[in-house]
1. Of the listed peptides 101-109, 60-68, what is their order by residue-averaged count of other C-beta atoms within 10 Å, with the highest listed first?
2. Which value results when the Cα radius of gyration for the chain is divided by 2.2 N^0.38 Å?
3. Would you mind checking which residues have amide H under 5 Å from residue 31's amide H? H placed 1.01 Å from N; only 5 or more apart, or other chain.
4. For the stretch 129-135, just list the computed ³J(HN,Hα) in residue order, Karplus coefficients 6.51, -1.76 and 1.60, θ = phi - 60°, integers in Hz, with x standing in for Gly and Pro.
5. Output the 0 to 90 degree angle, nearest 10, between the alpha-carbon long axis of helix 5-21 and the longest principal axis computed from the alpha carbons of the chain.
6. Residue by residue through the stretch 65-75, which ³J(HN,Hα) values in whole Hz follow from phi under the Karplus form 6.51 cos²θ - 1.76 cosθ + 1.60 (θ = phi - 60°), with glycine and proline marked x?
7. Largest first, what is the accessible-area ranking of 22, 12 with a 1.4 Å probe?
8. With the full set of protein chains in place, find how many percent of the accessible area of the stretch 1-103 is carbon and sulfur; take the probe as 1.4 Å.
Amino acid sequence: SNPTNANHATRKGYVDAQIQQKPESFILACSDETTDLTASSSVAKVTFRMPYAFNLSAVRASVSTAPAGSTITVDVKSGGTSIFDVGLTIDAGEKTSTSASTPAVIGNDSLSDDEEITVFCTSVGSSTAGKGLKVTLIGNQ
């Protein structure tokens, strides 16, 4: 039998809701794996445009070589303005921001379609710079 329009609409609504609940990720390689990171608040490590509107739920950073002496600090900007109220950091001796002593707080969680996104590394470790920086944007369309 042919499904009714009402049944079709109900199934479509269910499928759409399930898709919306699945998080998506953009994983950005912000450096190569072997070169020491360099710090700059004016020269972006990555610049790209959002392929669609995106609601952020989390942002993570990781490195293949941990910094020593001080933290790595990463800033992500949407349209030239930081998305963070509290910055994204990787503590000295760590390889991920998920264990940072001060967790990042996202202030702007809504990225617009075709919005220019830039990633900056504003500190890199003092006695040993980190290497192999990746930034992951996690959220939903």
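1. Values: 101-109: 13.9, 60-68: 19.9.
Ranked from most to least packed, the peptides come out as 60-68, 101-109.
2. Details: Rg = 18.5 Å, N = 141, 2.2 N^0.38 = 14.4 Å.
So the chain has a normalised radius of gyration of 1.28.
3. Here the answer is 133, since their amide H atoms fall under 5 Å of that of residue 31.
4. 6, x, 9, x, 6, 10, 10
5. Once rounded, one gets 10 degrees.
6. Residue by residue, the stretch 65-75 yields 10, 5, x, 10, x, 7, 7, 8, 10, 10, 10 Hz.
7. Result, largest first: 22, 12.
8. Of all accessible area on the stretch 1-103, carbon and sulfur atoms account for 52 percent.
The values are calculated or read from the model by the stated rules, or taken from the named source; none is laboratory data. Small disclaimer: the values here were computed from a predicted structure and weren't measured. Cβ: placed from backbone, ideal geometry, glycine included. Neighbour counts: every protein chain shown. These area figures cover heavy atoms from the full protein model, side chains too; ligands, DNA and RNA do not enter into them. Shrake-Rupley method; radii C 1.70, N 1.55, O 1.52, S 1.80 Å.
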